[in-house]
Amino acid sequence: MKSFLKVFFLAIAIFHSSCRKMEYSPNQKFDKNTPQNINESNLKRLLSTAGDDTIRFVLSGDSQNAYDDLGSFVDKVNKTQGIDFVILNGDISDFGLLQEFKWIESYYSKLKAPYVAVIGNHDHSANGIYVYQRMYSNQLDFSFIYNGVKFVCHNTNSREYNFNGTVPNLNYLSNQFKPEAGVNGYFAIAHVPPTSGDFDKKLFEDYGKILTDNGKVFAVLNAHVDKESIRFPYTPDLPVITTNSLYNRHFLVVEVINNNFRYYNVDF
Amino acid sequence: MLTFRKVLFPLALGIFLMHKQANAQNFLLPKTAMIQRAGSIGYNSFGIGYNLFRNQKGSLDLTWGYVPKSKGGRQDIFAAKFAYRPFQIKLKDWAVLSPANPGAFVSHHPGGKFHTTLDKEQYPAGYYWWSSAVRFHFSAGTELKLKMPKSLAITGVEQMALYGEFNTNELYFVSWFKNSDKLPLADIFKLGFGVKAYF
């Protein structure tokens, strides 16, 4: 009887530990252990900190298929002094699968600084949008103000909507970039740069006009092109900057000191 | 000679063809039925199957599975599963264990958000190399087959099998292949359990 009980409990233990490995579909939108609303809780964490005279954040992007590199990335960022927060600027996943999002999250959650994720074109594959919405942000366009600077994160993956004129959402953006009291500067943060063929050409001019009319936009920060670049497609005052992919072991550190903006790249 | 050509040959041919046809119809009758939990083809999935090769060494199962809204978002999944049982160990007169059964299966996910081929108007050729609607899986399973007692012969079920099966798909495999330093191979394998009736 005793040995029977042992076998019984062993079987229960094996079954219990194997539950984590049970998958209903690679395309399921969530499972029991999927974290939720990460952007919201991380922004709460960020905004509850006092901050200082320097805003310093990491612009990282294209974490798709970079699992071998993310441990070193997290170490490098955690060792960098004074990082207020980290942006994961789209293409979190390669195939839009829950498992990929979970793998990426298992690394990013080890960052000491809070992080915020923006949606990329690859994240639109399969059920990726649903996974993103549940894990990160129900709204694909969202913004936050930190130490007098507004960060407008938005969806520019126009090709995924067959260039139907709704992405990027110019109504949303023109509201967000209306000058407002207490905001001394702005960043436009999105995955696909306006100079890319994956950005809706019909919206290119109006998009730029919203940003240049505001007059206080430091830069447009993008990813997607898998190389570091800076271009000035609108005016000499408005840089459009892309970060290289994490797969290429590269990110940018962006700083705002006394309302002056600068950035540098870090290879790891 | 004449009788052979005019009578016997057509008769023989007729019998032969009838026999063939009966075989063909028999061949279409499923030889197994299964119910599975998880294993990447649904929260629950249901299927009928055929034996391939001798001694039920090979099997082909056709399944429909579903994921309920509360378990990961509503989804239907159709799959065609092949498995091979190279080792069949007789434990008792009434129990046979097939410990290591390699297999492969294809799963299809219907629904507008999944693509089989890319829209040529929307994307340049080769923009995304995979199809989000179709997954190709490799599997490894274990099956314990039990002979049914005579008292249950009326059900038509000759044997009942319990099985467990690990699988991965080609996209997980690519993820692992590109990241084999840090991503444990075990991470890309997913588990399912099932019960199978052999008629």
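For this structure, a couple of remarks:
- Whether chain B is rounded, prolate or oblate, judged on the alpha carbon gyration tensor where a/c under 1.5 counts as rounded: oblate
- Under the shape rule built on the C-alpha gyration tensor, where the axes satisfy a ≥ b ≥ c, region B:87-166 is prolate, since a/c reaches at least 1.5 and a/b is greater than b/c.
- Translational diffusion of the protein assembly as shown, µm² s⁻¹ [Kirkwood Rh, Cα pairs; Stokes-Einstein; 4 °C; 1.567 mPa s]: 51 µm²/s
- Computed over region A:137-268, Kirkwood Rh from alpha-carbon pairs, angstrom: 15.1 Å
- Proportion of all alpha-carbon pairs of region B:45-116 beyond 13 Å (%): 73 percent
- Spatially, region A:197-211 and region B:92-106 are offset by 59 Å when compared through their Cα centroids.
- The GNM of chain A, with springs linking C-alpha atoms under 10 angstrom apart, assigns the highest mean-square fluctuation among A:87, A:145, A:241 to A:145.
- Taking Cα centre as origin and charging only the Cβ of basic (Lys, Arg, +1) and acidic (Asp, Glu, -1) residues, the dipole magnitude of chain A rounds to 900 debye.
- When only alpha carbons are used to place a centre, region B:158-199 and region A:121-166 end up 33 Å from one another.
- Which of B:128, A:108 has the fewest Cβ neighbours within 10 Å, and the rest in rising order: B:128, A:108
- With contributions of -39500 (n - 2.57) from each DSSP H run of at least four residues, the per-residue ellipticity at 222 nm computed over the protein assembly as shown stands at -7500 deg cm²/dmol.
- Among A:143, A:18, A:229: highest mean-square fluctuation, GNM of chain A, C-alpha pairs under 10 Å: A:18
- Taking N as the residue count of region A:67-158, its C-alpha radius of gyration divided by 2.2 N^0.38 Å amounts to 1.10.
Since every read-out is calculated from the coordinates, none of them should be taken as a lab result. Please read these numbers as outputs of a predicted model, since none were measured by experiment. Note that we place each Cβ from the backbone using ideal geometry, even for glycine, and neighbour counts take in every protein chain shown.
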